[in-house]
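The values are calculated or read from the model by the stated rules, or taken from the named source; none is laboratory data. None of the values given here were measured: they were computed from a predicted structure. Here Cβ is always computed from backbone atoms with ideal geometry, including for glycine, and neighbour counts include all displayed protein chains.
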Amino acid sequence: MDSSCPFDKEDQLGSDVVAPTGTLPGYPRVSLDNRNRVKKFLEKELYADLLESMAPRLWWMAKQDSRSISALHRQLVRSRRIVITEDPKLHLVWFNDRIFIKPLPGYLLSHSFWTEYLANPRSDQEQRTTRAALGFLRTYFYLIQHPSDFRMATAESARLVPPGVTYFQFCQFSKRFDKIKDEDVTWRYAYGELRLSRLNFYVKVFGSRWSYHRTELQYGAYFARFYGPFLFLFGCISVVLSAMQTELAAEQVGLLVYWINFQNASRGFCVFALFLVMIIVLTFTTLWLYKFLKEWHYALKDRFDKRRPIHDTWIARSQTNMSMRKRTNHAV
């Protein structure tokens, strides 16, 4: 897709933003007369450094499909409530009963703003910002698929879309967003929804930080999630120790000839208890291992079955960027 603008001027939802003495729509603290500050602000608002650094391994934890985004009404069907976030690293990240969504900023709805600040990027910073903006806009093509989705997006509790926009206007505005290709967006937006629990786990594996995003801000809530596994482990150990103690006691009672039957019954029950604990532990372990291997099998199959692997696209993109920099240096 042409990087000039992903929508036509007559389909823009915002007003022209070109006055150098004005401010960024919705952000009165950001003056348009300082171009460098505007570019830094856009990169901060649209580009997720941490998530992009994990991008080469996102296929470990998510489906390799940028269309893997459920419409807003489907989020409710899945018992997820929409939580507004302004952090780009949390956009389309879900956890249990909630999903984080970043609202559409007014400046991305203006054709003149795209032409002035995002079109035809030259530096690496500008390319990152433009690709992030394209990927972000494309997500809304899949989030809003029906009139019910649009009503949810414009509700007072959400305001994902600025007020005063009709469903027809939004459809005209976003009609070409699905034509945006994966090579036109940042690596993160080559994927759809991401699971926060997996991000929190793998960010530790990669060694970059302790957590991707904390969901428990209190010590009590943080340690409460360990109660279940610890109690289960404690219960298993208690049953095993009790069975062993019962067997030892039965051996001593067995010295009396009148307690032979009780000794045999105690021994049989001890063996049964030990086998029961072992079966339960093996069942849960096997079930977890089955799900783990099944997900990895699907991820590997999906990755290697693609005609244009995402990794190859990244390599081609890097080579293109290097060629552009070499031509620029020769020209200088």
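Within segment 158-168, track down each residue that is of a type outside the set (Val, Ile, Thr) and either in contact (Cβ under 8 Å) with a residue 60 or more places away in the chain or outside the structural domain of residue 98 (by TED's automatic domain parsing) (or both).
Going through segment 158-168, the residues of a type outside the set (Val, Ile, Thr) turn out to be 158-160, 162-164, 167-168.
Hits for segment 158-168 are 158, 159, 160, 162.
Please specify each residue of segment 51-80 satisfying the condition of being acidic (Asp, Glu) and under 20 Å from residue 200 (Cβ atoms). Spell out the reasoning first.
Pass one, segment 51-80, residues acidic (Asp, Glu): 52, 65.
52, the sole residue that qualifies.
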**Prompt:** Scanning for something of a type in the set (Gly, Ala, Ser), assigned to a loop (DSSP other than H, G, I, E, B) and without any contact (Cβ under 8 Å) to a residue 24 or more places away in the chain, does segment 47-63 turn up at least one residue?
**Reply:** no
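Please report, ordered by residue number, the helices (runs of 4 or more DSSP H) entirely within segment 108-201 with at least 2 residues that are within 25 Å of the chain's Cα centre (by Cα).
Numbers: elements: 124-143, 147-154, 167-173.
Result: 124-143, 147-154.
Filter segment 199-219 down to the residues that are among the hydroxyl-bearing types (Ser, Thr, Tyr) and surrounded by 14 or more Cβ atoms within 10 Å (Cβ to Cβ), then identify the one that is modelled with the lowest pLDDT. Steps first, answer last, please.
Within segment 199-219, the subset among the hydroxyl-bearing types (Ser, Thr, Tyr) is 202, 208, 211-212, 215, 219.
Add one more test, that the residue is surrounded by 14 or more Cβ atoms within 10 Å (Cβ to Cβ), and what stays is 202, 212, 215.
Working: 202: 88, 212: 89, 215: 80.
Looking at residues that are among the hydroxyl-bearing types (Ser, Thr, Tyr) and surrounded by 14 or more Cβ atoms within 10 Å (Cβ to Cβ), I get 215.
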**Request:** With the condition kept exactly as written, say whether any residue in segment 64-76 is polar (S, T, N, Q), in contact with a Pro (Cβ under 9 Å, 6 or more places away or on another chain) and under 26 Å from residue 114 (Cβ atoms).
**Result:** no
